[in-house]
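**Q** Following this message is one structure expressed as structure tokens.
The values are calculated or read from the model by the stated rules, or taken from the named source; none is laboratory data. Remember, it's a predicted structure, so these values are computed and weren't measured experimentally. Heads up, the Cβs are rebuilt from the backbone with ideal geometry, glycines too, and the neighbour counts pull from every protein chain shown.
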């Protein structure tokens, strides 16, 4: 019987920092599903709880954030789409760490209006490719997000999101274990 791989560290990053954001509702939905995914030890990183300097000079929570990114074997970014793009604080967070992102997989849970955050995700793929991050082909998109959730933070029509999440987690699991083994066997030079 094959040996079960040890759980990997999955950092779930809530990207929106706006006071009136719906991001915590979307992240809460995701975290409840990850409770059923024993292959990952989840570290929730809410960018609204961090002070990340915009000038990349360090300070604030930059060191603490970078250590959490370094510790993670994989990521899921929960991001809104603002004005056909992703939030500025997410770009600051991405730029705060550098080598710590390399040779690790990342999945997306995006939300917004009619597009469900698709344009934000497509922009992020290019940014993350520059950092040698492997992005998952399948993700979760929540269109019309303010109408999508009920008062309990559950999706009114969960079918497509649940199916996408299951597929994305399968991809993420494979890549997380494979790339962790690769980084252990031979450090990634980038």
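**Q** Looking only at residues that are part of a helix (DSSP H, G or I) and in contact (Cβ under 8 Å) with a residue 24 or more places away in the chain in region 35-55, which one is surrounded by the fewest Cβ atoms within 10 Å (Cβ to Cβ)? Explain how you work it out, then say what you get.
**A** Start the filter on region 35-55 by keeping residues that are part of a helix (DSSP H, G or I), which leaves 47-49.
Of the ones still in play, those that are also in contact (Cβ under 8 Å) with a residue 24 or more places away in the chain are 47-48.
Details: 47: 20, 48: 14.
So, considering only residues that are part of a helix (DSSP H, G or I) and in contact (Cβ under 8 Å) with a residue 24 or more places away in the chain, the one surrounded by the fewest Cβ atoms within 10 Å (Cβ to Cβ) is 48.
**Q** Quickly run through region 66-84 and pick out the residues that are under 22 Å from residue 121 (Cβ atoms) and in contact with a helix residue (DSSP H, G or I) (Cβ under 6 Å, 6 or more places away or on another chain).
**A** If the condition is that a residue be under 22 Å from residue 121 (Cβ atoms) and in contact with a helix residue (DSSP H, G or I) (Cβ under 6 Å, 6 or more places away or on another chain), then 69, 73, 74, 78, 79, 81, 84 are the ones that fit.
**Q** Here's another thing I want to ask about it. Pick from region 1-17 the residues that are part of a loop (DSSP other than H, G, I, E, B) and at pLDDT 95 or above: which of them is surrounded by the most Cβ atoms within 10 Å (Cβ to Cβ)? Explain how you work it out, then say what you get.
**A** Going residue by residue through region 1-17, those that are part of a loop (DSSP other than H, G, I, E, B) are 1-7, 15-17.
Filter again for at pLDDT 95 or above, leaving 15-17.
On the way: 15: 30, 16: 24, 17: 19.
Taking the candidates together, the pick is 15.
**Q** Something else: List the number of the failed condition for residue 187; all other conditions in (1) under 26 Å from residue 41 (Cα atoms); (2) surrounded by fewer than 20 Cβ atoms within 10 Å (Cβ to Cβ); (3) at pLDDT 95 or above hold.
**A** Single failed check for residue 187: (3).
**Q** Can I ask one more? So, of the residues in region 18-34 that are closer than 22 Å to residue 167 by Cβ and out of contact with any helix residue (DSSP H, G or I) (no Cβ under 9 Å at 6 or more places or on another chain), which turns out to be surrounded by the fewest Cβ atoms within 10 Å (Cβ to Cβ)?
**A** Among them, the one singled out is 32.
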